[in-house]
Amino acid sequence: MKPEDAVLASVTVRAAAGWFLDQKTLPRHGTVRAFEDGFRRTLEGLIPRVEDLADAMATGEVPARVALAALAEARRLAEPEAPGGEVERVKKIAESVLAACDHHDTLTGLRTCLLCDKPIRPGEDWEPFQGARVLAEGSWPGRVHLPCAARDLQA
């Protein structure tokens, strides 16, 4: 997969997971099943890629260890008979999809704007985004496009 295809796939699946997580009312059963199937397929393809990226890093690298721990949880949630109500289970799978996408982006160096979920392309203006968090020493903050940051400040 070319890097630009990975960014597009990441943005698309993030949008789907975000939409599902934002639902205030229970989606129809067929909708829940369709999203569950899509999220499971995404994890089936994404988990091995993230594992390969983590394995390629030096032993003990924090981003790799964190990614592998998150993948263990994603695998457990993606089991066909994971415990919990259907909608809650699919929400947890959607959260795992978002986390796996984040780890993939971190390990490959791909960057997406945390405010608009669109790729930050080489040469585009961006700034670090910390939100209300205090960053741990040595951690990298997320990034946002400068126009997105300006809009966020106005809101």
Residue-ordered couplings for region 95-100, obtained by feeding phi - 60° into the Karplus form 6.51 cos²θ - 1.76 cosθ + 1.60 and rounding to whole Hz (Gly and Pro as x), are 5, 5, 4, 4, 5, 4
What residues have an amide H closer than 5 Å to that of Lys118, excluding those fewer than 5 places away on the same chain, when H is modeled at 1.01 Å from N in the peptide plane?
-> Cys113
Region 6-68, dipole about Cα centre (Lys/Arg Cβ +1, Asp/Glu Cβ -1), debye to the nearest 20 = 360
Spin-label pair Arg121/Leu146, simplified geometry with 7 Å Cα→Cβ offset, distance in nm | 1.6
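Computed from the coordinates by the stated procedures, all read-outs in this text should not be read as laboratory data. Every value quoted in this text rests on a predicted model; they were computed, and no experiment measured them. Neighbour counts run over all protein chains shown; Cβ positions are idealised from the backbone, glycine included.
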